[in-house]
1. What number of residues within the stretch 12-48 are in contact with a strand residue (DSSP E or B) (Cβ under 7 Å, 6 or more places away or on another chain) and at pLDDT below 85?
2. When you scan the stretch 50-67, how many residues do you find that are basic (K, R) and part of a helix (DSSP H, G or I)?
Amino acid sequence: MSIHESADATAAEHWWAETLELPPDRFRRATLKRHHPTTRHHTGEDYRGCLVIDVPRSRELYWRIEGIVAGFTEEIT
């Protein structure tokens with residue numbers, strides 16, 4: 001999980017674990033991002049950070065997803 005340093009990382013981790021129905025020990029330690037009040041838009045009690053998912057040997061999966069996204073974003077001519 002990647003979350004701003006001014007947010008409650010522990011509460012966010014518990015929220016993600018409960019929402020995804022995973023035990024909290026499946027998560028790595030949160031990566032704390034520096035707080036920049038002038039550019040930060042995600043604030044408040046409902047801010048849960050950004051979940052980061054690592055997939056081993058994911059090259060082919062990445063290419064497939066990239067192709068799907070490219071198909072969605074192509075202009076229709």
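The values are calculated or read from the model by the stated rules, or taken from the named source; none is laboratory data. Because the structure is a prediction, the values reported are computed rather than measured. Cβ sites come from the backbone with ideal geometry, for glycine too, and all protein chains shown count toward neighbours.
1. 3
2. Matching residues across the stretch 50-67 total 2.
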